[in-house]
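Colleague: Mind having a look at this structure? Questions to follow.
The values are calculated or read from the model by the stated rules, or taken from the named source; none is laboratory data. Every value quoted in this text rests on a predicted model; they were computed, and no experiment measured them. All Cβ positions, even for glycine, are placed from backbone atoms using ideal geometry, and neighbour counts span all protein chains on display. Just the protein is used for accessible areas: all its heavy atoms, side chains included, with ligands, DNA and RNA removed. Shrake-Rupley method; radii C 1.70, N 1.55, O 1.52, S 1.80 Å.
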Amino acid sequence: MTKILLLSDTHSHIDDTILKYVAQADEVWHAGDIGDLNVTDTIKKLKPLRCVYGNIDDAKARIEFPLHNRFMCEDVSVWITHIGGYPGKYNPAIREEMALNPPKLFICGHSHILKVIFDKKNNLLHMNPGAAGKSGFHQMRTMLRFVIEGDKIKDLEIIEIGKK
């Protein structure tokens, strides 16, 4: 059983509330737009981190983290990228790979809108945790928390960190 904290779009912001949830997770996954690498450095001191860079991230972030991160967590294939789109409207840059080799769990950020959708066509779960940072148009800062056990994704929770 692996407890995951999923966040995105921190835009250089990290605070004690985010770190409280980091401490409760087994792993932290960040779906890009990190901003200052102090965010990921702070998380990595506490928990294992899987991360991708986003469109606002600088050359240092792009050296440290990939654009796409595909891996297995227990028996669940995972694909994290920053600009991924949504079921039926995936980013053109990933559509072919999505059709040929879909993961069980597809994660993206970028929109600052929290969404969890089951993609029937590709038989996968799509997650976007919204934005944990303070920059952007979103009103509520959000993250997701869930458990992976074997090939199951379960116990999904929406975390509302608070208004910007």
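Colleague: Exactly one of (1) surrounded by 13 or more Cβ atoms within 10 Å (Cβ to Cβ); (2) under 19 Å from Asp26 (Cα atoms); (3) without any contact (Cβ under 8 Å) to a residue 40 or more places away in the chain is unmet by Ala132. Its number?
Modeller: (3)
Colleague: If you don't mind, there's one more thing I want to ask. Filtering segment 48-60 down to residues that are in contact with a strand residue (DSSP E or B) (Cβ under 7 Å, 6 or more places away or on another chain) and surrounded by 16 or more Cβ atoms within 10 Å (Cβ to Cβ), which residue is nearest to Ile83 (Cα to Cα)?
Modeller: Only one residue fits best here, namely Val52.
Colleague: A further question on this structure: Does any residue in segment 1-13 that is closer than 11 Å to Leu114 by Cβ and in contact (Cβ under 8 Å) with a residue 24 or more places away in the chain come within less than 6 Å, Cβ to Cβ, of a residue that is of a type outside the set (S, T, N, Q) and open to solvent by 10 Å² or more (accessible area, probe 1.4 Å) six or more places away or on a different chain, and which pairs are these?
Modeller: Listed by first residue and then by second, the contacts come to Asp9/His112.
Colleague: Here's something else I'd like to know. Looking for something open to solvent by less than 10 Å² (accessible area, probe 1.4 Å) and part of a helix (DSSP H, G or I) - is there at least one such residue anywhere in segment 78-100?
Modeller: Yes - at least one qualifying residue is present in segment 78-100.
For every residue, the table says whether it meets (1) over 14 Å from the mean Cα position of the chain (by Cα); (2) in contact (Cβ under 8 Å) with a residue 40 or more places away in the chain; (3) part of a loop (DSSP other than H, G, I, E, B).
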residue	(1), (2), (3)
Asp36	yes, no, yes
Thr40	no, no, no
Lys44	yes, no, no
Arg50	no, no, no
Gly54	no, yes, yes
Lys60	yes, no, no
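Colleague: I'd like to check something: does segment 115-123 contain any residue that is surrounded by 15 or more Cβ atoms within 10 Å (Cβ to Cβ), free of Cβ contacts under 8 Å to residues at least 40 places away in the same chain and assigned to a strand (DSSP E or B)?
Modeller: So far as segment 115-123 goes, yes, one or more of its residues are surrounded by 15 or more Cβ atoms within 10 Å (Cβ to Cβ), free of Cβ contacts under 8 Å to residues at least 40 places away in the same chain and assigned to a strand (DSSP E or B).
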